Amino acid sequence: MCKVLKLTNVVVSPRLWAVFVVICTFISFKFSWRMTWDAKDKSQAYSFPAEFKCPLSVPSPSPSSGWPSPLSKNVYFVETSEEIKPSFLFMCSVESAARFHPESKIIVLMKGLAKYNITLAKHLNFPLFSCFTNIEIKPLDMKDLFLDTPLADWYFLAQQRWEPYFLPILSDACRIAIMWKFGGIYLDTDFIVLKSLRNLTNVIALQSKSLLNGAFLSFTPRHKFIELCMKEFVENYSRWIWGHQGPQLFTRVFKKWCSNHSLQSSKGCRGITLLPRETFYPIRWQEWRKYFEVIKASELSELLKNTYAAHVWNKKSKGTAGQAAC
């Protein structure tokens, strides 16, 4: 990835994207990277050196005895658009997960691959991903994913009408279906993983004092809570309200699950653990610009001391990301 920055007690340059600071502070590796930026649409693009070499610090999978470890679980990332070239942040997210979970499969599901020959996913030229034997890129077949779930009929109807927030809602549906069918860990593609997540099971985290967020989920397969989330998704569906099928849905279901109208004093119930905001959302979305502000290394360490993975709020910070120096 990008070169490691030697952080001391001096002030970090405001031009450095804090995500890179996070990576360079907590992940010790060196990796050459070259980026270009499209001035017209400012979308992220990248290119690799002509002679690409994998970094020496790529971890090897743990030895297997033939049976999966009880602590081993897959980590899922989902791309619901037709895009088949992951952004720089997307690649950072997947790489960080792969580094901290060498014993797990990191499965990248991309809807855009579904219309191609299935072998394409195995031969895509992603030099960085190819360095990690635990990363798998697969087509995302929506019909197959939603089959035998309450989401199947919803998906059929949703394709017949105009949906103002279709892609994010589709992502909301996918993560629930994945947790229900396969279990494991789900992460949005704008997380940077800082610690292993494998010991977190049947867990969801607070985004604020009154709202949960499903950008990170970790559940066992066929969990009753996820089943209730699928039913709530369909029965109280609204395509007009941003977040209604995402954070608000998890919040509604959790309150019913715990028979509790307030989240402020809750640490979970009935086998589900509720983690505090700083574990996955150390910086609030309203304060996303803090990722780009001057900060001392000591302050950063204090900010992230209880954080498993840092959510970058790509919806808000996407335009600013192109200003990062690497």
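The values are calculated or read from the model by the stated rules, or taken from the named source; none is laboratory data. Source: prediction; values computed, not measured. Heads up, the Cβs are rebuilt from the backbone with ideal geometry, glycines too, and the neighbour counts pull from every protein chain shown. Ligands, DNA and RNA are stripped out before the accessible areas are found, and what is left, the full protein with its side chains, is counted by its heavy atoms. Shrake-Rupley method; radii C 1.70, N 1.55, O 1.52, S 1.80 Å.
Backbone N atoms of the range 189-214 closer than 18 Å to the 7 Å Cα→Cβ label point of TRP285 belong to residues 189-192, 204-214. On the basis of the beta-carbon distance and an R0 of 22 Å, LEU228 and LYS315 show a calculated FRET efficiency of 0.25. Within the accessible area of the range 174-318, the carbon and sulfur atoms contribute 49%, probe 1.4 Å, all protein chains present. Computed over protein heavy atoms with a 1.4 Å probe, the accessible surface of the range 82-214 works out to 41 Å² per residue.
Computed from the C-beta positions of LYS255 and LYS305 and an R0 of 30 Å, the FRET efficiency is 0.55 to the nearest 0.05. Backbone amide hydrogens, once placed in the peptide plane, bring ALA215 within less than 5 Å of nothing, excluding anything fewer than 5 places away on its chain.
The gain in end-to-end length when the GLU136 to GLU163 segment is fully stretched comes to 6.7 nm, 0.36 nm per residue minus the alpha carbon separation. Normalised per residue, the accessible area of the range 247-290 is 56 Å², obtained with a 1.4 Å probe and no contribution from ligands, DNA or RNA.
Within the same chain, aspartates and glutamates fewer than 8 places from LYS138 are excluded, and of the rest, those with a Cα less than 20 Å from its Cα are GLU79, GLU82, GLU83, GLU95, GLU103, ASP172, ASP188, ASP190. Remark: for residue pairs LYS267/LYS318; LYS209/LYS316; LYS111/LYS209, the C-alpha separation exceeds 28 Å in LYS267/LYS318; LYS111/LYS209. Remark: the THR273-TYR237 segment gains 10.4 nm on full extension, using 0.36 nm per residue and subtracting the alpha carbon distance.
How much length is gained if the chain between THR220 and SER81 is pulled fully straight, taking 0.36 nm per residue apart and subtracting their Cα-Cα distance, in nm to one decimal? Show your work: numbers first, answer last.
Working: separation 139, 0.36 × 139 = 50.04 nm, distance 2.68 nm.
Taking THR220 through SER81 to full extension adds about 47.4 nm, to one decimal.
Label point of ASP153 set 7 angstrom out along Cα-Cβ; within the range 223-237, amide nitrogens under 15 Å from it belong to 230-237. In straight-distance terms, cross-link reach from LYS255 covers every one of the aspartates and glutamates whose alpha-carbon lies under 14 Å from its own, apart from those fewer than eight places away in the same chain; here that gives GLU232.
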